[in-house]
Every structure is written in structure tokens, then in C-alpha cells.
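Asks: Got a structure here, written out as C-alpha cells. Questions coming.
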Ligand code: ADP
């Protein structure tokens with residue numbers, strides 16, 4: 001699992017790089033295509049070099065198709081936002097992680113029914129796996145990992161960030177009893193390439209990508225930590241607006257309906 005995770009972190013870094021190059025390269029190709037068209041136009045179809053310029057156009061098109069493929073990879077390919085049950089993701093992903101670390105006791109404190117969130121399931125799984133693996137590394141001799149979820153109505157939660165979109169949220173907390181981190185480290189953990197691990201062990205991209213993914217979902221992620229006691233990550237995601245049979249409608253929405 002750790003290897004799988006490290007691999008996806010690497011791929012993501014390469015993807016970002018490749019995406020940037022592909023984008024610039026495609027712009028360049030579009031410039032060449034533009035000048036080639038102008039030249040074709042001024043030579044006219046009867047000119048003996050007209051067909052050669054057609055061949056150039058075809059090659060430019062193949063080059064452009066290639067960069068589009070690269071851009072697709074950089075975006076991570078499929079990106080599927082659907083009403084999602086975070087409890088289900090937490091249970092399945094933590095079971096998977098638990099099998100790799102028998103020395104860690106995993107406990108869950110999940111609200112039922114939990115409001116759904118609009119999310120890409122595989123991205124949220126990626127975020128959580130990152131948090132578990134980090135927690136595991138903070139507990140080399142074993143420990144406890146607690147996972148909790150909560151429906152959050154605004155004003156109900158002192159931790160809910162002040163700058164946010166209005167509406168209800170779902171909160172996920174991941175708490176470990178590990179080594180914790182000092183304040184200087186805490187302030188930097190979401191920076192790309194920031195790591196306290198020795199070379200080759202850490203890329204410093206896990207939490208940076210987690211941050212990006214959660215921001216991309218309109219949510220927030222933050223951390224509390226104490227040296228020697230452990231660390232808590234808190235993730236807030238906006239509750240889904242869609243009415244899903246069998247789930248409780250967010251309170252703010254019900255109120256809106258009566259206005
Ligand atoms: P990496 O794991 O490759 O170092 P991350 O972005 O996942 O990169 O984490 C950055 C740093 O944050 C880690 O090197 C570690 O110092 C710190 N960190 C992350 N999670 C925890 C945790 N649960 N307990 C203590 N420190 C942590």
C-alpha cells in the first residue's frame with residue numbers, strides 16, 4: 001500500500017511537470033500551424049509546394065494530439081464528482097490500511113446517517129490513505145488511529161474555518177497517537193516537497209496534493225498536533241445539495257425551502 005501510494009505521488013509530480021510542458025508545447029504548435037496556414041493561403045492550391053505544407057499540417061496535428069494525451073494524464077484522467085458517502089470510504093480505506101499495520105488499533109466514531117458530499121471518490125480515498133500512512137509513520141511502534149465523521153451545521157463547530165462558502169459541511173477527523181510535530185513543521189506540512197523524512201523515504205507531496213484535492217472540492221484541511229501526544233487532521237467538505245433518497249437533507253437547505 002505504501003509503495004502504491006508513493007508511486008501515485010511520484011506520478012502526480014511527473015504529471016504536473018508534463019502537463020506544464022505539454023501546455024506550452026501545444027501553444028507553440030498552434031503558432032506553427034497558424035503560420036503554415038497563412039503560407040498555404042498565400043501560395044494557393046495550385047502551387048507545387050502546397051502539398052508539402054499539407055503534410056506539415058498533418059504532422060502538427062499528430063503533435064497536438066500527443067500533447068492532449070499528456071494533458072489528460074496530467075489532469076489524472078477521469079474526474080468523477082458524485083454524491084458520496086464518506087463513512088463508506090472511511091470504513092473501506094481504513095480496513096485496507098489496517099491489514100498493512102496490525103500494530104495499529106483503528107477505531108471509528110461515525111455519524112449515521114452522514115450527509116453526502118459532492119466528491120470524486122478515488123481522490124478522497126487518496127487523501128485518506130495519505131493521512132493513514134503518515135499516521136502510521138508517526139507511530140513506528142504501533143498506536144491508535146481514530147476516524148470520526150460529523151454533520152456540521154454552521155455556528156455549531158468552533159473549528160469550521162471562517163472563510164468558507166455558506167451551507168452545511170461534513171467533517172472528517174483522522175487522529176493518531178504518534179510522535180506529533182513541532183509548530184515550525186506544522187506550519188509547513190502542506191507545502192509541496194516539504195518533508196522531514198530522509199531522502200527516498202518521503203517526497204513531501206502527500207499533504208500538498210491532499211490540500212489541493214480538498215481545496216478543489218470546496219473544502220478545507222487543517223491540522224492540530226502536539227509533540228509526543230499525536231496529531232489530528234480535520235477535513236471539511238460541503239454537504240451535497242442534492243436530495244438523495246434515504247439520507248437526511250442538510251438543515252440549511254430545508255430552511256431555504258421555507259423562505
Ligand atoms: P512525506 O510523507 O513524503 O514527508 P507529506 O506531505 O505527506 O510528505 O508530509 C509532510 C511532513 O508532515 C512529513 O514529513 C512529516 O514531518 C509531517 N507529518 C505528516 N503527517 C504527520 C503525522 N500524522 N504526525 C507527525 N508528522 C506528520
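What follows draws every value from the coordinates through simple rules; no lab data is involved. Fair warning: this is a prediction, and the values are worked out from it, not measured in the lab. Cβ atoms come from the backbone with ideal geometry, glycine included; neighbour counts cover every protein chain shown.
Asks: Would you mind calculating the gained length between residue 95 and residue 155 on full extension (0.36 nm times residue separation, minus the Cα-Cα distance), in nm to one decimal?
Replies: On the way: separation 60, 0.36 × 60 = 21.60 nm, distance 3.31 nm.
Taking 0.36 nm per residue and subtracting the Cα distance, the gain is 18.3 nm.
Asks: Place a point 7 Å from Cα of residue 165 in the direction of its Cβ. Which residues in the stretch 109-123 have their backbone N less than 16 Å from it?
Replies: Residues 116-121 fall inside that zone.
Asks: Please give the peptides 117-129, 98-110 ranked by average Cβ packing (other Cβ atoms within 10 Å per residue), highest first, as a rough proxy for protection. Could you put the intermediate results ahead of the total?
Replies: Working: 117-129: 20.5, 98-110: 13.4.
Going by the mean number of other Cβ atoms within 10 Å, highest first, we get 117-129, 98-110.
Asks: Which of rounded, prolate, oblate describes the stretch 54-209, given a ≥ b ≥ c as roots of the alpha-carbon gyration tensor eigenvalues and a/c under 1.5 marking rounded, otherwise prolate only if a/b is larger than b/c? Write down the numbers at each step before the final one.
Replies: Numbers: a/c = 2.02, a/b = 1.49, b/c = 1.36.
Prolate, because a/c is 1.5 or more and a/b exceeds b/c.
Asks: Please figure out what share of the DSSP beta bridges in the stretch 78-178 is antiparallel and state it in percent, rounded to the nearest 5. Don't skip to the end; give the middle numbers.
Replies: Numbers: 12 of 18 bridges.
Roughly 65 percent of the DSSP beta bridges within the stretch 78-178 come out antiparallel.
Asks: Taking square-rooted eigenvalues a ≥ b ≥ c of the alpha carbon gyration tensor, is the stretch 86-138 rounded, prolate or oblate, where a/c under 1.5 means rounded and, failing that, a/b exceeding b/c means prolate?
Replies: Details: a/c = 2.43, a/b = 1.51, b/c = 1.61.
In terms of gyration-tensor shape, oblate.
Asks: On to the next question. Determine, from the Cβ-Cβ distance of residue 50 and residue 21 and an R0 of 51 Å, the FRET efficiency 1/(1 + (r/R0)^6), rounded to the nearest 0.05.
Replies: 0.95
Asks: Provide 214, 81 in ascending order of the number of other Cβ atoms located within 10 Å of each residue's Cβ, fewest first. List each step's numbers first, then the result.
Replies: Values: 214 22, 81 13.
Least to most surrounded, the residues fall as 81, 214.
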